[in-house]
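These notes concern the structure reproduced below.
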Amino acid sequence: MIEDSSVTDRFQLIVKPGQQRQVTISFTNFGSAPVQLTASPRNASTSDQGKLIYSNVVHAGDNKLQFAFTEMTKPKTIHLDAQETKDVSFTINVPKSPFIGLIMGGFYIYDPTQGPQAGSVAVPVWLTQTNKAVGGTLLLTGIHAKAVNEQPYMYVNLSNTQPGIMKNVVVHMKIRRNGFMEWLNLGLKPMTADLRYDTVAPNSAVPIAFNQKQTPIKAGNYVVDGTATAGKAKWKFGGTYSISKEQADRVNKASKNLIYDYTWAYLLGIVGLVVLIIIVLLLIHHQLKYRPRHLRKRGEGKKAVFVRKSKSNR
């Protein structure tokens, strides 16, 4: 079942264009009740902990992936009685067009009654035509927000666009919001991540996660700066990207126990109060300076009248 006898944790096949290959997986139910399992073909992805995972559905074209493993074979549902073992075979239809590097596929196994999110087992199937190593290349493709375990996260999206595995990738990334409150140093603080990825899958996204904890996602423009190294290779990233109000609202709605910052509201209230006081003072000053004449000080502007009395001679 495995061509290289030294490899025991995956199927590793050297294939030819248009070839059909078959792999067999043995399933055993050690329990006392019947079970049902689904084995679904997937491509390997990279988790934000730097591990290979097979839980994500990947399509051709994603991260410049040439061929998706989901298009080469079909999923199967396996029914197992208590203490039963079954050997299940899968036919893999190798693409007719030549490809370079590695197609890192696998079968993701889960209980269909609980859904794919409950799965935790995968059987890797790696396909190559030349068995020659191909390096990886990292690109910055944008940012997005997502709720994970009911907490808001910001992600910087890197992408390995080549069909080769990358090892020991070290990433330093910084993201900051570009807004008026941030300019006043009263808004969101810049966030920094220093991460190490043991393995990056071919043609996969490399998620750089920033846990917002209880801080809601804010819509607006964000500036990203960072570097990554893998051996002697080094990449530098930079760009400005936006989070829409719709995306921010969707993530915040899916998160719990968020703490909102109302500093901007307090500042607007203080500014409004100061403006109101200034307007009142200006009105008072205007009234004192331009009072009507009939309200001026009594006697102001009047002429004095003197009466002279004379004595009469009798």
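The values are calculated or read from the model by the stated rules, or taken from the named source; none is laboratory data. Being a predicted model, the structure only gives us computed values, none of them experimental. We place every Cβ from the backbone using ideal geometry, glycine too, and count neighbours over all the protein chains shown.
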Discussion item. Just checking, does the range 126-137 include any residue being crowded, with 19+ Cβ neighbours inside 10 Å and under 20 Å from the mean Cα position of the chain (by Cα)?
Written reply: no
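Being part of a loop (DSSP other than H, G, I, E, B) and more than 27 Å from ALA193 (Cα to Cα) is the filter here, so list the residues in the range 31-57 that pass it. Steps first, answer last, please.
Taking the range 31-57 first, the residues part of a loop (DSSP other than H, G, I, E, B) are 31-34, 44, 47-51, 54-57.
Once the filter is applied, which keeps residues that are part of a loop (DSSP other than H, G, I, E, B) and more than 27 Å from ALA193 (Cα to Cα), the range 31-57 yields GLY31, SER32, ALA33, PRO34.
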Worksheet item: Taking the range 16-32 on its own, how many of its residues are surrounded by 18 or more Cβ atoms within 10 Å (Cβ to Cβ) and closer than 15 Å to ILE103 by Cα?
Response: 1
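State yes or no: is THR161 in contact with a helix residue (DSSP H, G or I) (Cβ under 7 Å, 6 or more places away or on another chain) and of a type in the set (S, T, N, Q)?
Yes; evaluated as a whole, the condition is true for this residue.
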Worksheet item: Mind checking which pairs have a first residue in the range 112-123 that is in the same structural domain as LEU52 (by TED's automatic domain parsing) and surrounded by 10 or more Cβ atoms within 10 Å (Cβ to Cβ) and a second that is modelled with pLDDT of 85 or more and assigned to a loop (DSSP other than H, G, I, E, B), Cβ under 7 Å, 6 or more apart or different chains?
Response: PRO116/SER55; ALA118/ASP111; GLY119/SER55; ALA122/TYR54
Fill in: Where LEU158 falls short, out of the listed (1) under 14 Å from the mean Cα position of the chain (by Cα); (2) surrounded by fewer than 17 Cβ atoms within 10 Å (Cβ to Cβ)
(2)
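Does the range 33-45 contain any residue that is hydroxyl-bearing (Ser, Thr, Tyr), over 30 Å from ILE143 (Cα atoms) and surrounded by fewer than 18 Cβ atoms within 10 Å (Cβ to Cβ)? Give the steps one after another, and end with the answer.
Quick first cut of the range 33-45, residues hydroxyl-bearing (Ser, Thr, Tyr) only: 38, 40, 45.
Then keep just the ones that are over 30 Å from ILE143 (Cα atoms); that gives 38.
From what is left, the residues that are surrounded by fewer than 18 Cβ atoms within 10 Å (Cβ to Cβ) are none.
No, there is no match, as no residue in the range 33-45 is hydroxyl-bearing (Ser, Thr, Tyr), over 30 Å from ILE143 (Cα atoms) and surrounded by fewer than 18 Cβ atoms within 10 Å (Cβ to Cβ).
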Worksheet item: Which residue out of ASN252, ASN257, ASN221, ASN211 is of a type outside the set (A, V, I, L, M) and at positive phi?
Response: ASN257
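Within the range 92-110, is there a residue that is of a type in the set (Gly, Ala, Ser), more than 26 Å from the chain's Cα centre (by Cα) and surrounded by 12 or more Cβ atoms within 10 Å (Cβ to Cβ)? Lay out the reasoning, then the answer.
At the first step, the residues of the range 92-110 found to be of a type in the set (Gly, Ala, Ser) are 97, 101, 105-106.
The next check asks that each one be more than 26 Å from the chain's Cα centre (by Cα); those that pass are 97, 101.
With the extra rule that they be surrounded by 12 or more Cβ atoms within 10 Å (Cβ to Cβ), the set shrinks to 101.
Checked the range 92-110: at least one residue is of a type in the set (Gly, Ala, Ser), more than 26 Å from the chain's Cα centre (by Cα) and surrounded by 12 or more Cβ atoms within 10 Å (Cβ to Cβ).
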